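K.L.:
Below is the structure I would like to discuss, written out as structure tokens.
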Amino acid sequence: MTEDQVKQIVVDIIAEIAPDEDTSNIKPEIKLRDQMDLDSMDFLDIVMELRKQHNIEVPEADYPQLASLDTCAAYLTPKFNA
Amino acid sequence: MHKSRIVITGVGLTSPNGNTLEEYRKNLLAGVAGVQIIDMRYMGKVPAGVCDFDPKKYQTRKELRVGTRAGSIAVYSAHEAINDSGLDFENFDKSRIGVYVGTTEHGNVETENEVYNISKFDYDIRFWTHHHNPRTVANNPAGEITINMGITGPHYTIGAACAAGNAGLIQALQMLRLGEVDVALAGGVSESIRSFGIFAGFKSQGALGTHETDPNKTSRPFDKTRNGIVVSEGGAIYVLERLEDAQARGANIVAEIVGYRINSDAGDYVLPDPVRQSECMRAALKVAGMEPGDVDIVNTHATSTPMGDIQECKAIREVFADCPTTYVNNTKSFIGHAMGAAGALELAGNLPSFQDNIIHPTINVEDLDPECALPNLVINEPLKVDAVKVILNNSFGMLGINSALIVRKFED
């Protein structure tokens, strides 16, 4: 799986958990919280959906890795490909 | 102690047969019920009262995803009440608004959903949602109102079984009199149709209503063939104010709350006690400074269970003997039992009687049970009278909680 595919998976999850947000133009290098109305509960939702939909486990210590689409891709792609 | 007069200046509601007071009232006068068959997890098909208001009218999609159905019903009803009140909400001090919402129960729905959810993951609790606790805390429906509307005054729910709608209004009245708040949003809500446990519990108790052919005939208080409750969702939230504040802003005053009482049977867990019920009604009348004959409408709690209806009729017969102009009706025959919302919703359905002098009937009585044959029971057809000035609203609940609320047509 490529980093772009992983980014799309994360964007699809964000579209589910933040249905009022426009997810068509998320800037990958900018923190998600700085460009969308996402709170800590929403990030827990992202973690839960990665677990439910893709069997990917993100330990609490690694939550900062989910800050932007770029960091998500860098952190999650090896897990998807493991 | 000087007691301020407390008035209703706005009503917002959603009921299985109407999403505004106007629509609801129209259906109560036209004999239009609102019960349908739903598919309930583990139960199969059951009759239920379902509301069809547009939740997106006042909530974002995210709020709907994160919150509860009870919260959504509460938010919708609260906005509608504020709109109806004409209050300048935008500029009103939000720290002086209190939110007091009656609930029969809260949290069952959300916990059942999570248990079901993790059952799909071999009961691995890693799949239990972090939304569970904020959804299930008892203050959830009232809290969702404050979050959605930016209200920073006090909020909580009043857990009072099926007397909760009245209890919410009584709590608000008391807080206004204490000067704790200047405006109260109060009433009751129910999301009970989303809990299989509520249906299953009534079924195990032999108190879940059925009808062979027509869901709208399932809830049939006082009929000889009645066999139990129809569980419903819904909500009614009122704007309450002290009379002087309402008059100062030129508000339209819908009614005045003049009497109330909550008491306890201190007896059985489920079977109501007519002696305590009549004591409750008499105590409310005493607070109002009224005699039984001053009441024009007694809106019954009767839920269409064989014993409960008889017990309430005994209580009413005792209090309202020799009251030729006191009429008795029932709203659950249209909408089923909206649990925590019942008292508030049923009162709302009768408030327009102050204007139109019509008493909505209790419907679905094909064969009146002689034990429920009260002298002035308004059956199947609305009744026009000379004047309606006083309504007594009964709401009772499990563990022997009784409530009676008396409202009067406003006269300065």
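K.L.:
The conditions are (1) surrounded by 12 or more Cβ atoms within 10 Å (Cβ to Cβ); (2) more than 13 Å from chain B (Cβ to nearest Cβ), and residue A:81 fails exactly one of them. Which is it?
P.N.:
Here residue A:81 clears every test but (1).
K.L.:
Out of the residues in the range B:336-382 that are farther than 18 Å from residue B:17 by Cβ, among the acidic types (Asp, Glu) and in contact with a strand residue (DSSP E or B) (Cβ under 9 Å, 6 or more places away or on another chain), state the one that is surrounded by the most Cβ atoms within 10 Å (Cβ to Cβ).
P.N.:
Taking the candidates together, the pick is B:369.
K.L.:
Now for a different question. Within the group B:68, B:103, which residue is touching a Gly at 6+ places or on another chain (Cβ under 7 Å), among the hydroxyl-bearing types (Ser, Thr, Tyr), away from every other protein chain (no Cβ under 14 Å) and within 23 Å of residue B:163 (Cα to Cα)?
P.N.:
Answer to the selection: B:103.
K.L.:
List the number of the failed condition for residue B:139; all other conditions in (1) of a type outside the set (Ser, Thr, Tyr); (2) away from chain A (no Cβ under 14 Å); (3) over 20 Å from residue B:9 (Cβ atoms); (4) touching a residue at least 40 places away in the same chain (Cβ under 8 Å) hold.
P.N.:
Against the list (1) of a type outside the set (Ser, Thr, Tyr); (2) away from chain A (no Cβ under 14 Å); (3) over 20 Å from residue B:9 (Cβ atoms); (4) touching a residue at least 40 places away in the same chain (Cβ under 8 Å), residue B:139 comes up short only on (4).
K.L.:
Please count how many residues of the range A:53-69 are under 17 Å from residue A:8 (Cβ atoms), out of contact with any Cys (no Cβ under 8 Å at 6 or more places or on another chain), more than 14 Å from chain B (Cβ to nearest Cβ) and without any contact (Cβ under 8 Å) to a residue 60 or more places away in the chain.
P.N.:
Selection size over the range A:53-69: 1.
K.L.:
I want to confirm something. Restricting to the range A:1-23 and keeping residues that are within 14 Å of chain B (Cβ to nearest Cβ), of a type in the set (A, V, I, L, M, F, W, C) and closer than 22 Å to residue B:124 by Cβ, which single residue is surrounded by the most Cβ atoms within 10 Å (Cβ to Cβ)?
P.N.:
A:13
Residue-by-condition table, conditions (1) out of contact with any His (no Cβ under 7 Å at 6 or more places or on another chain); (2) closer than 30 Å to residue B:398 by Cα; (3) touching a residue at least 60 places away in the same chain (Cβ under 8 Å):
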| site | (1), (2), (3) |
| --- | --- |
| B:77 | yes, yes, yes |
| B:84 | yes, no, yes |
| B:96 | yes, no, yes |
| B:107 | yes, yes, no |
| B:127 | yes, no, no |
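K.L.:
Could you tell me which of the residues B:75, B:50, B:66 is modelled with pLDDT of 95 or more, crowded, with 23+ Cβ neighbours inside 10 Å and either more than 30 Å from residue B:229 (Cβ to Cβ) or among the aliphatic types (A, V, I, L, M) (or both)? Quick ask: steps written out before the conclusion?
P.N.:
Numbers: B:50 fails: crowded, with 23+ Cβ neighbours inside 10 Å; B:66 fails: crowded, with 23+ Cβ neighbours inside 10 Å.
Unique residue meeting the criteria: B:75.
K.L.:
Considering only residues that are of a type in the set (Lys, Arg) and surrounded by fewer than 16 Cβ atoms within 10 Å (Cβ to Cβ), look in the range B:114-136 and name the one that is nearest to the other protein chains (Cβ to nearest Cβ).
P.N.:
The qualifying residue nearest to the other protein chains (Cβ to nearest Cβ) is B:126.
K.L.:
Also, quick follow-up: How many residues does the range B:44-65 hold that are within 14 Å of chain A (Cβ to nearest Cβ), out of contact with any His (no Cβ under 8 Å at 6 or more places or on another chain) and touching a residue at least 60 places away in the same chain (Cβ under 8 Å)?
P.N.:
Count: 2.
K.L.:
Still on this structure, please answer the following. Any residue that is more than 20 Å from the chain's Cα centre (by Cα), outside any strand (DSSP E or B) and surrounded by fewer than 24 Cβ atoms within 10 Å (Cβ to Cβ) - is there at least one of those in the range B:298-307?
P.N.:
Looking for residues that are more than 20 Å from the chain's Cα centre (by Cα), outside any strand (DSSP E or B) and surrounded by fewer than 24 Cβ atoms within 10 Å (Cβ to Cβ), one finds at least one in the range B:298-307, hence yes.
Yes/no per residue for (1) under 13 Å from the mean Cα position of the chain (by Cα); (2) of a type outside the set (Phe, Trp, Tyr); (3) within 12 Å of chain B (Cβ to nearest Cβ):
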residue: A:25; (1), (2), (3): no, yes, no
residue: A:29; (1), (2), (3): yes, yes, no
residue: A:32; (1), (2), (3): yes, yes, no
residue: A:43; (1), (2), (3): yes, no, yes
residue: A:51; (1), (2), (3): yes, yes, yes
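K.L.:
Would you point out which residue out of B:145, B:170 is touching a residue at least 12 places away in the same chain (Cβ under 8 Å) and closer than 27 Å to residue A:39 by Cα?
P.N.:
Only one candidate passes the filter, namely B:145.
K.L.:
Would the range B:217-231 turn up any residue that is modelled with pLDDT of 95 or more and part of a helix (DSSP H, G or I)?
P.N.:
yes
The values are calculated or read from the model by the stated rules, or taken from the named source; none is laboratory data. What you see is a predicted model; the values in this text were computed from it and never measured. A quick note on method: Cβ atoms are made from the backbone with ideal geometry, for glycine too, and the neighbour counts reach across all protein chains shown.
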